[in-house]
Amino acid sequence: MYERLKRLIRPEKNSSEPLTTDLHSHLVPGIDDGAKDLETSLSLVRSLYDLGYRRLITTPHIMMHRFPNSRDTILHGLDTLRTAVDAEGIPVSIDAASEYYVDEHFRELIEKEELLTFGENEVLFELSYVIPPIDLETIVFELQGRGYQPVLAHPERYLYMHKDEEAYPRLKEKGVRFQVNINSLGGYYSKPVQKAARRLMDQGWISYLGSDTHHRRHIDALTKTLHTDVVAKVQRNNTLRNNTL
């Protein structure tokens with residue numbers, strides 16, 4: 001199946017342009033496990049700017065058992081963050097979507113068509129790290145049926161997918177786009193996660209790279225990884241969509 005998908009999903013172009021748009025971060029202050037306050041948010045935004053980012057699409061969690069955020073709480077927090085960034089004179093544009101955890105609440109939001117999106121009506125969603133979802137393909141179908149483009153956050157971090165040779169190609173055949181964490185490629189999370197990220201890179205299946213910035217440690221790791229040629233390697237074999245957002 002891998003070889004068949006490599007023929008079906010070919011990069012549209014080779015790109016060596018700088019990565020100036022980040023998809024996936026937790027910069028809105030005080031609403032999830034990301035920036036704890038506005039001061040921290042501003043420090044993280046400034047650091048991302050210093051790394052070359054000029055557009056940030058931040059994605060607070062909506063996870064009802066831990067972070068019961070809503071469209072309103074996220075957009076209100078975004079307004080606060082934008083105002084502070086402007087006051088600090090940091091020349092970065094910031095928008096917000098969400099990183100949706102797949103649970104019953106997520107399915108209710110799909111049905112109501114009340115999801116925060118980016119790009120081409122795209123929705124970033126995540127899964128449990130330890131329990132394989134039993135109805136993932138059904139959820140993908142429901143998203144697509146409502147006109148959404150599903151984007152799976154950090155697929156390389158779901159260890160159960162490492163053991164299933166068909167997991168990634170099956171999702172690609174269903175039209176799911178993959179957002180891989182840059183720090184995964186640099187080995188920040190673990191060697192198995194790094195191996196899976198590089199496998200996705202080699203197959204040409206990465207649509208988005210994300211910083212997944214929560215705190216200073218992520219920035220420190222990101223700085224080290226971006227000082228390697230990893231982004232250029234991804235661009236040689238993948239059609240990255242970051243800078244089209």
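Structure summary
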item	result
Residue among Leu209, Leu226 that is within 28 Å of Thr138 (Cα to Cα), out of contact with any Cys (no Cβ under 8 Å at 6 or more places or on another chain) and surrounded by 16 or more Cβ atoms within 10 Å (Cβ to Cβ)	Leu209
Filter result for Ser128 (closer than 14 Å to Met64 by Cβ and out of contact with any helix residue (DSSP H, G or I) (no Cβ under 7 Å at 6 or more places or on another chain))	yes
Cross-chain or 6+ apart pairs with Cβ under 6 Å, segment 108-135 first and crowded, with 19+ Cβ neighbours inside 10 Å, then modelled with pLDDT under 95 and not acidic (Asp, Glu)	Leu127/Pro133
Elements of type helices (runs of 4 or more DSSP H) contained in segment 1-90, each with 2 or more residues being modelled with pLDDT of 95 or more, touching a strand residue (DSSP E or B) at 6+ places or on another chain (Cβ under 7 Å) and of a type outside the set (Ser, Thr, Tyr)	38-50, 71-88
Neighbours by Cβ (under 8 Å, 6+ apart or cross-chain): first from segment 82-106, touching a residue at least 24 places away in the same chain (Cβ under 8 Å) and farther than 18 Å from Glu120 by Cα; second among the aromatic types (Phe, Trp, Tyr) and surrounded by fewer than 17 Cβ atoms within 10 Å (Cβ to Cβ)	Ile90/Tyr49; Pro91/Tyr49; Val92/Tyr49
Tally, over segment 155-177, of residues that are within 16 Å of Phe118 (Cβ to Cβ) and crowded, with 23+ Cβ neighbours inside 10 Å	0
Some residue of segment 234-243 being surrounded by 16 or more Cβ atoms within 10 Å (Cβ to Cβ), modelled with pLDDT of 95 or more and touching a His at 6+ places or on another chain (Cβ under 7 Å)	no
Some residue of segment 179-193 being in contact with a Phe, Trp or Tyr (Cβ under 8 Å, 6 or more places away or on another chain), surrounded by fewer than 22 Cβ atoms within 10 Å (Cβ to Cβ) and hydrophobic (A, V, I, L, M, F, W, C)	no
Condition met for Ile139 (surrounded by 14 or more Cβ atoms within 10 Å (Cβ to Cβ), out of contact with any Leu (no Cβ under 6 Å at 6 or more places or on another chain) and either free of Cβ contacts under 8 Å to residues at least 60 places away in the same chain or over 20 Å from Ile57 (Cα atoms) (or both))	yes
Odd one out for Val130 among (1) in contact with a His (Cβ under 6 Å, 6 or more places away or on another chain); (2) over 18 Å from Ser25 (Cα atoms)	(1)
Boolean, Val231 is of a type in the set (Val, Ile, Thr), within 30 Å of Phe141 (Cβ to Cβ) and in contact (Cβ under 8 Å) with a residue 24 or more places away in the chain	no
Filter result for Thr59 (surrounded by fewer than 18 Cβ atoms within 10 Å (Cβ to Cβ) and either polar (S, T, N, Q) or in contact with a Leu (Cβ under 9 Å, 6 or more places away or on another chain) (or both))	no
Selection count where residues are touching a helix residue (DSSP H, G or I) at 6+ places or on another chain (Cβ under 8 Å), within 21 Å of Ser25 (Cα to Cα) and either modelled with pLDDT under 95 or among the hydrophobic types (A, V, I, L, M, F, W, C) (or both), scope segment 96-113	3
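The values are calculated or read from the model by the stated rules, or taken from the named source; none is laboratory data. These figures come from a predicted structure and were not determined experimentally. Cβ: placed from backbone, ideal geometry, glycine included. Neighbour counts: every protein chain shown.
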